[in-house]
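A short worksheet on the structure shown next.
The values are calculated or read from the model by the stated rules, or taken from the named source; none is laboratory data. Every value quoted in this text rests on a predicted model; they were computed, and no experiment measured them. Every residue, glycine among them, receives a Cβ derived from its backbone with ideal geometry; neighbour counts consider all protein chains shown.
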Amino acid sequence: MRLLFVTPLLWLLAAPLWADARAQVMMDVLKIDEVAVILQTEGLEYAQTLNAEMLNGQGGPGWQLQVDAIYSPQRMTETLRGFLEAELQGDMREQTIDFFASGVGAQVITLENAARAAISDQDIENAARTKFAELEGSDDPRLARIAALIDSGDMIDRNVTAAMNSNYQFMRGLADGGAVDMTEQEMLAEVGEQQDEITEDTTGWLYGYLLLAYSPLDDAALDDYIAFAQTKAGLALNRALFDGYGAAYAEVSYALGRAVALNMVAEEL
């Protein structure tokens, strides 16, 4: 008779383990670890720019240790995991795994990551932006497909919102670290003034990036991806990625602003 009680107990214990395992599979097929390393590389390059422009190149080893900790791929990966697990459960999680585990989905992830790594080169970014500028306003069918994908995920507005919040968090970090004297209202006003510029820049970058990333895909494959992106699972994945990266970048931006402030204040002492 005891076996009748053991079996449900084992099932209850196994269910969370199975869910965790499938969540890890989802992380793997989406290659989140790989993305986090690419974004870390971008961040470390940006930190060098901050060192040159805001710290007069005097950051030194201490600054490098700070930015290495701030741009931790593991931290970003765990942030993304939380949002993906919350948004994608049950059938939606399985549909996402099925799509990206092979075929068009796997090819899309590979191409997106390769393009993201490549576009960090300024010459490649300029070429991608130029390609979009040449097509903008035309009836080019590939541009129309990219526009459909961007519109379905509200990618422009989501990117702009994330960028503006990151800028705000960076200023908060500067203020909390004693480098600037600004009220919250002043910071919000300054960020608000950047919206048009950020929107224009984001539009050029995003279209250029996606045109570059999907250039090896034939129209049928790209149509398959767009069709998935417009499903309930695809829209949930889009939300999870934007919300997750937005949260990660907000945290990073605040920490970076505070680190810059502490180094600026230290230089003055």
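Points worth noting:
- Among residues of the range 175-198, those that are aliphatic (A, V, I, L, M), over 28 Å from Leu241 (Cβ atoms) and in contact with a helix residue (DSSP H, G or I) (Cβ under 9 Å, 6 or more places away or on another chain), counted: 4
- Residue check, Leu188 surrounded by fewer than 19 Cβ atoms within 10 Å (Cβ to Cβ) and either more than 16 Å from Asn238 (Cβ to Cβ) or in contact (Cβ under 8 Å) with a residue 24 or more places away in the chain (or both): yes
- Residues of the range 78-109 that turn out to be crowded, with 18+ Cβ neighbours inside 10 Å and of a type in the set (Ser, Thr, Tyr), as a count: 2
- The range 202-229 residues that are hydrophobic (A, V, I, L, M, F, W, C), paired with ones that are in a loop (DSSP other than H, G, I, E, B) (beta carbon under 7 Å, 6 or more apart): Leu212/Ile119; Leu222/Tyr214; Ala229/Gly153
- Top-ranked residue in the range 110-122 [being buried (at least 17 other Cβ atoms within 10 Å of the Cβ) and under 20 Å from Asp219 (Cβ atoms); ranked as nearest to the chain's Cα centre (by Cα)]: Glu112
- Residue within the range 192-212 that is surrounded by fewer than 19 Cβ atoms within 10 Å (Cβ to Cβ), of a type outside the set (D, E, K, R) and closer than 24 Å to Met26 by Cα present: no
To keep it simple, each residue is scored yes or no on (1) under 18 Å from the mean Cα position of the chain (by Cα); (2) aliphatic (A, V, I, L, M); (3) under 25 Å from Met171 (Cβ atoms).
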site: Thr202; (1), (2), (3): yes, no, yes
site: Leu210; (1), (2), (3): yes, yes, no
site: Ala213; (1), (2), (3): yes, yes, no
site: Lys232; (1), (2), (3): no, no, no
site: Arg239; (1), (2), (3): yes, no, no
site: Asp243; (1), (2), (3): yes, no, yes
site: Tyr249; (1), (2), (3): yes, no, yes
site: Ala266; (1), (2), (3): no, yes, yes
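- Among the residues of the range 164-179, the one identified as surrounded by fewer than 16 Cβ atoms within 10 Å (Cβ to Cβ) and either more than 9 Å from Leu262 (Cα to Cα) or in contact with a Lys or Arg (Cβ under 7 Å, 6 or more places away or on another chain) (or both) is Asp176.
- Residue list for the range 44-74, filter: in a helix (DSSP H, G or I), surrounded by 18 or more Cβ atoms within 10 Å (Cβ to Cβ) and either among the basic types (Lys, Arg) or touching a residue at least 24 places away in the same chain (Cβ under 8 Å) (or both): Ala47, Leu50, Trp63, Gln66, Val67, Ile70, Pro73
- Of all residues in the range 131-146 being free of Cβ contacts under 8 Å to residues at least 60 places away in the same chain and in a helix (DSSP H, G or I), the one that is farthest from the chain's Cα centre (by Cα): Glu134
- Selection count where residues are crowded, with 20+ Cβ neighbours inside 10 Å and either β-branched (Val, Ile, Thr) or touching a strand residue (DSSP E or B) at 6+ places or on another chain (Cβ under 9 Å) (or both), scope the range 229-269: 2
- Any hit, the range 75-92, residues being farther than 24 Å from Gly246 by Cβ and either in contact (Cβ under 8 Å) with a residue 12 or more places away in the chain or of a type outside the set (Val, Ile, Thr) (or both): yes
- Any hit, the range 123-130, residues being surrounded by fewer than 14 Cβ atoms within 10 Å (Cβ to Cβ), modelled with pLDDT of 95 or more, over 22 Å from Tyr249 (Cβ atoms) and of a type in the set (S, T, N, Q): yes
- Arg116 closer than 30 Å to Leu262 by Cβ and of a type in the set (Lys, Arg): no
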